[in-house]
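Student: I'd like to ask some things about the structure below.
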Amino acid sequence: MTSTYLPRIVDEILKERLDAVGAVLIAGPKWCGKTTTAEQQAKSVLKLQDPDKTPGYLETANTKPSLLLKGENPRLIDEWQMAPVLWDAVRHAVDQRSEAGLFILTGSTTVDESKIMHSGTGRISRMVMYPMSLYESNESNGRVSLSALFYNPDLDIDGVTSDLSVEGLVFAACRGGWPSTLKKKTEKAGLLEALNYVEGIYNSDASTVDGVKRSPERVRAILQSYARNISTLAADKTILDDVTSNYMDISEPTLHSYLNALERLYVIEDVPAWCPSIRSATTIRSGKKKEFTDPSIAVASLALSPDALLTDMNTFGFIFECLCFRDLKVYASARGGYVSYYRDRYGLEADCVLHLADGRYGLIEFKLGSNGIEEGAVHLLELKELIKKANSEKRAKLREPSFLMVLTGGELGYRRNDGVYIVPIGCLKG
């Protein structure tokens, strides 16, 4: 690895997959560090976006794509979707050579299945990379490990403290987890990265993702509405009404087209509901929670600043939830995990259910300040009791949660007498 490279949690995941399969695709939002991470393990590199060479590369891809695969392995093919034929070329090369660790592909959009002949199943392993978590950017001291919580139900965290102040937390959310921001000379320069990111979405990315021309003004209006509804269960109809109320003419099918483009760009990534058999299906909320892949996208879309959010902690509470989801997705990825949420019409909720691939899970509430800790802990304990009751009455067959956690923006971590962990996000790691 280069001396300036900050290690990422996906480093080990990439290594494991290269040991197991012929090719690995790293997908995720632009600027999250996919190429730099891939370069740490690649032995040769093909960058399709090199402006001096792109025309020649694309012509070669159209005539004899196998020529672009020549090079020491693992060979990195950066932004492969610019020449979709390379997907099938890579798959064919893996079939022919029957070796692991031949290619790494990176892409900032989801795979367009219509432009490839084969899904690549068994030959190309797909993984998603997110912007940096607070632990990866060295803003979380990592004194509380999620893995340890899963393995040790009596983990002692009493007295751990976060080094991240409220001001630092707000700034980190506004700046985002974009690796390049950590190299900026000033904080102001770091904050500009997210603004440039959303400007790129408005003006080009939303159209180039699939070749469909989209209005920058509509993209802007949709992102702003999404940001106003971040971390809520707002329906798409709410977004549509919000956009049209601001004198932006848009139909429901058009809105869905725009939202699909933003999903393919990994700009938005909603959180699904967890619907266990502990209440009737009509009682449990099943809509998705609106989220961005990084909180800075919401901040930039609304033209907010750290100073503005420090005087509006209510709004920052929603931004904080997005930040928590980002970090938990990063940490869960190391174990093949994923996140969901639970909420029912009786007001019982868990802001996040962190699932591992082996079926274990933890229940988590997000509380920016100390005022909400008691409420969050009570919700988690009630939900755990509901699960136990449903199991005893044979209405469900669920594992009990491995841990209950209130994830906070505060400074002090501890374990309550009832077993609920209070963990500052500035202390958390995978």
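Student: Would you pick out the residues in the range 282-310 that are farther than 19 Å from Pro272 by Cα and hydroxyl-bearing (Ser, Thr, Tyr)?
Tutor: Ser296, Ser301, Ser305
Student: Determine whether Asp236 is open to solvent by less than 60 Å² (accessible area, probe 1.4 Å) and either without any contact (Cβ under 8 Å) to a residue 60 or more places away in the chain or under 30 Å from Asp210 (Cβ atoms) (or both).
Tutor: Answer is yes for this residue.
Student: Hey, another quick one. With respect to the numbered conditions (1) free of Cβ contacts under 8 Å to residues at least 60 places away in the same chain; (2) open to solvent by 50 Å² or more (accessible area, probe 1.4 Å); (3) not hydrophobic (A, V, I, L, M, F, W, C), which one is the sole condition not fulfilled by Asp19?
Tutor: In the conditions (1) free of Cβ contacts under 8 Å to residues at least 60 places away in the same chain; (2) open to solvent by 50 Å² or more (accessible area, probe 1.4 Å); (3) not hydrophobic (A, V, I, L, M, F, W, C), Asp19 misses (1) alone.
Student: Which ones in the range 248-275 are open to solvent by 10 Å² or more (accessible area, probe 1.4 Å) and closer than 30 Å to Leu386 by Cα?
Tutor: Glu269, Asp270, Pro272, Ala273, Trp274, Cys275 - these are the residues of the range 248-275 that are open to solvent by 10 Å² or more (accessible area, probe 1.4 Å) and closer than 30 Å to Leu386 by Cα.
Student: Still on this structure: Hey, Thr121 hits all of (1) buried (at least 18 other Cβ atoms within 10 Å of the Cβ); (2) at pLDDT below 95; (3) closer than 29 Å to Val353 by Cβ but one; which does it fall short on?
Tutor: Only one criterion in (1) buried (at least 18 other Cβ atoms within 10 Å of the Cβ); (2) at pLDDT below 95; (3) closer than 29 Å to Val353 by Cβ is unmet by Thr121, namely (1).
Student: Here's a follow-up. Within the group Val271, Val243, Val209, which residue is touching a residue at least 24 places away in the same chain (Cβ under 8 Å) and touching a strand residue (DSSP E or B) at 6+ places or on another chain (Cβ under 8 Å)?
Tutor: After applying the criteria, what remains is Val271.
Student: Applying the selection to the range 329-348, what residues are open to solvent by 40 Å² or more (accessible area, probe 1.4 Å), of a type in the set (Lys, Arg) and not in a loop (DSSP other than H, G, I, E, B)?
Tutor: Arg343
Student: Among Thr106, Thr36, which is open to solvent by 20 Å² or more (accessible area, probe 1.4 Å), β-branched (Val, Ile, Thr) and either modelled with pLDDT of 95 or more or in a loop (DSSP other than H, G, I, E, B) (or both)?
Tutor: When all the criteria are applied, what remains is Thr36.
Student: Same structure again: Taking Leu380 and the conditions (1) over 15 Å from Asp270 (Cα atoms); (2) out of contact with any strand residue (DSSP E or B) (no Cβ under 7 Å at 6 or more places or on another chain); (3) open to solvent by less than 10 Å² (accessible area, probe 1.4 Å), which numbered condition does it fall short on, given that it satisfies the others?
Tutor: (2)
Student: I've got another one for you. Look at the range 339-374 and say how many of its residues are over 21 Å from the mean Cα position of the chain (by Cα) and over 19 Å from Phe320 (Cβ atoms).
Tutor: Count: 5.
Student: Run down Lys34, Lys15, Lys43 and say which single residue is more than 22 Å from the chain's Cα centre (by Cα) and of a type in the set (D, E, K, R).
Tutor: Lys43
Student: So which of Asp210, Asp242 ends up being open to solvent by 30 Å² or more (accessible area, probe 1.4 Å), closer than 28 Å to Asp351 by Cα and charged (D, E, K, R)?
Tutor: Asp242
Student: Go through the range 277-328 and report how many residues are within 17 Å of Ala194 (Cα to Cα), open to solvent by less than 30 Å² (accessible area, probe 1.4 Å) and part of a loop (DSSP other than H, G, I, E, B).
Tutor: Counting residues in the range 277-328 that are within 17 Å of Ala194 (Cα to Cα), open to solvent by less than 30 Å² (accessible area, probe 1.4 Å) and part of a loop (DSSP other than H, G, I, E, B) gives 3.
Student: If a residue must be aliphatic (A, V, I, L, M), over 23 Å from Asn314 (Cα atoms) and open to solvent by 80 Å² or more (accessible area, probe 1.4 Å), how many such residues does the range 388-430 contain?
Tutor: The total comes to 0.
Student: For the range 5-16, how many residues are touching a residue at least 60 places away in the same chain (Cβ under 8 Å) and either part of a loop (DSSP other than H, G, I, E, B) or open to solvent by 60 Å² or more (accessible area, probe 1.4 Å) (or both)?
Tutor: 5
Student: Further question: Do the conditions hold for Leu192, that is, is it more than 30 Å from Phe403 (Cβ to Cβ), free of Cβ contacts under 8 Å to residues at least 40 places away in the same chain, open to solvent by 40 Å² or more (accessible area, probe 1.4 Å) and not basic (Lys, Arg)?
Tutor: Spelling it out, Leu192 is indeed more than 30 Å from Phe403 (Cβ to Cβ), free of Cβ contacts under 8 Å to residues at least 40 places away in the same chain, open to solvent by 40 Å² or more (accessible area, probe 1.4 Å) and not basic (Lys, Arg).
Student: Going by what's in this entry, would Arg360 be described as of a type in the set (Lys, Arg), out of contact with any strand residue (DSSP E or B) (no Cβ under 6 Å at 6 or more places or on another chain) and modelled with pLDDT of 95 or more?
Tutor: yes
Student: Test each condition in (1) hydroxyl-bearing (Ser, Thr, Tyr); (2) touching a residue at least 12 places away in the same chain (Cβ under 8 Å); (3) open to solvent by 30 Å² or more (accessible area, probe 1.4 Å) for Thr54 and report the one that comes out false.
Tutor: Here Thr54 clears every test but (3).
Student: Return a yes/no flag: does the range 395-408 have any residue that is assigned to a helix (DSSP H, G or I) and of a type in the set (A, V, I, L, M, F, W, C).
Tutor: No: zero hits.
Student: Criterion first (touching a residue at least 60 places away in the same chain (Cβ under 8 Å), touching a helix residue (DSSP H, G or I) at 6+ places or on another chain (Cβ under 8 Å) and open to solvent by 30 Å² or more (accessible area, probe 1.4 Å)) does Leu354 satisfy it?
Tutor: Here the answer is no, as Leu354 does not meet what is asked.
The values are calculated or read from the model by the stated rules, or taken from the named source; none is laboratory data. Note that the structure is predicted; figures quoted are calculated from it, not measured. Positions of Cβ are backbone-derived with ideal geometry, glycine not excepted, and every protein chain shown enters the neighbour counts. What goes into the accessible areas is simple: the full protein's heavy atoms, side chains included, and nothing from ligands, DNA or RNA. Shrake-Rupley method; radii C 1.70, N 1.55, O 1.52, S 1.80 Å.
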